[in-house]
Amino acid sequence: MNVIKKQLKFLLVGVCLYASLGVNAQTLNDYQTRLMHLFQAIKTADTDSVRLQYNDSVKALFSKTLEMKESFIFPFDSLTYVGKITSDDAKLRLYTWNVVTDSGLVFNGFLQKLSGEVVTLQQPKAAYKPTTKQVVLANNWYGALYYRAVAYKYKKQTVYMLVGWSQCDERTQYKVLDVLSFDEFGVARFGMPILFDEEKQSLTRAVFEYDAHIVMFLDYEPSRKRFVFDHLSPMKYFEDETVTLGPDMSVDSYVRKSKGWFLKEDLRMRNR
């Protein structure tokens, strides 16, 4: 009986995928409704294989939806499981979401330009924490939920400072301040050495790893053109000698200057 039930679930997945992609002219509301049902199916599925099958259907249908010209200004309000942000220059939208599986989080995403170009963000088999020195392409994306995109002019090129959250293991999570750029062929790249640490050493991104059970603040302060964040210090010590970090009540920032973003530690702030 259980085998029959699983086979029926896979059949339903195939039907949903065929129905989603086999219909020609549909309004954005129609697509949104279909996506909403697929996301709900992911949430209620009881095995990873079924969840990921539905997620594949979501990615295929979402990609098709974003090909529609009007989609850039469509709010997608009903897609509550998707993070949707627009850059402060209104020329880029980012859509990110994750799927909870028994082996960890599976991240998904799209970049959508005002010009109509759409880039699919592809995570490898498992999410990973990027280093502060590497450049990451869209087909080897580390996986994150972005919540801020700030346009920044660097050497006559517009790049985007992205703020996001991710998690790779049970003990820790991390936030990232990354740099998104596009080359002359439209290839998306994550990471550019325009952040500088306290020793003026360049970083392609800033990564803040901290304890999985606490909250860390990291966001942009437009009035002062800086990214403000909690300073992290050792918080928990484990028998295997690992240590997790947490906020220590001091605040640091990356401040915008002509050559990039420079770390300024221990800000004296009354309010954020």
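The values are calculated or read from the model by the stated rules, or taken from the named source; none is laboratory data. Everything numeric here is computed off the predicted structure, so don't read it as measured data. Here Cβ is always computed from backbone atoms with ideal geometry, including for glycine, and neighbour counts include all displayed protein chains.
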* Determine, yes or no, whether residue 160 is surrounded by 13 or more Cβ atoms within 10 Å (Cβ to Cβ), closer than 17 Å to residue 99 by Cβ and modelled with pLDDT of 95 or more. => no
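Test residue 20 against the criterion of being touching a helix residue (DSSP H, G or I) at 6+ places or on another chain (Cβ under 8 Å), assigned to a helix (DSSP H, G or I), at pLDDT below 95 and hydroxyl-bearing (Ser, Thr, Tyr), and give yes or no. Working first, answer last.
Working: touching a helix residue (DSSP H, G or I) at 6+ places or on another chain (Cβ under 8 Å): yes; assigned to a helix (DSSP H, G or I): yes; at pLDDT below 95: yes; hydroxyl-bearing (Ser, Thr, Tyr): yes.
The answer is yes for residue 20.
Quick grid of which residues meet (1) assigned to a strand (DSSP E or B); (2) within 25 Å of the chain's Cα centre (by Cα); (3) under 20 Å from residue 147 (Cα atoms):
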| residue | (1), (2), (3) |
| --- | --- |
| 213 | no, yes, yes |
| 220 | yes, yes, yes |
| 231 | yes, yes, yes |
| 240 | no, no, no |
| 245 | yes, yes, no |
| 262 | yes, yes, no |
| 265 | yes, no, no |
* Of the conditions (1) among the aliphatic types (A, V, I, L, M); (2) surrounded by fewer than 12 Cβ atoms within 10 Å (Cβ to Cβ); (3) under 29 Å from residue 118 (Cα atoms), residue 215 fails just one. Which one is it? -> (3)
* Structure fact -> Only one of (1) surrounded by fewer than 15 Cβ atoms within 10 Å (Cβ to Cβ); (2) touching a residue at least 12 places away in the same chain (Cβ under 8 Å) does not apply to residue 184, and that is (2)
* To do: Could you pull out the residue among 216, 235 that is touching a Gly at 6+ places or on another chain (Cβ under 7 Å) and of a type outside the set (Asp, Glu)?
  => 235
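Conditions (1) within 18 Å of residue 159 (Cβ to Cβ); (2) in the same structural domain as residue 191 (by TED's automatic domain parsing), marked per residue:
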site	(1), (2)
58	no, no
91	yes, yes
125	no, yes
130	yes, yes
143	no, yes
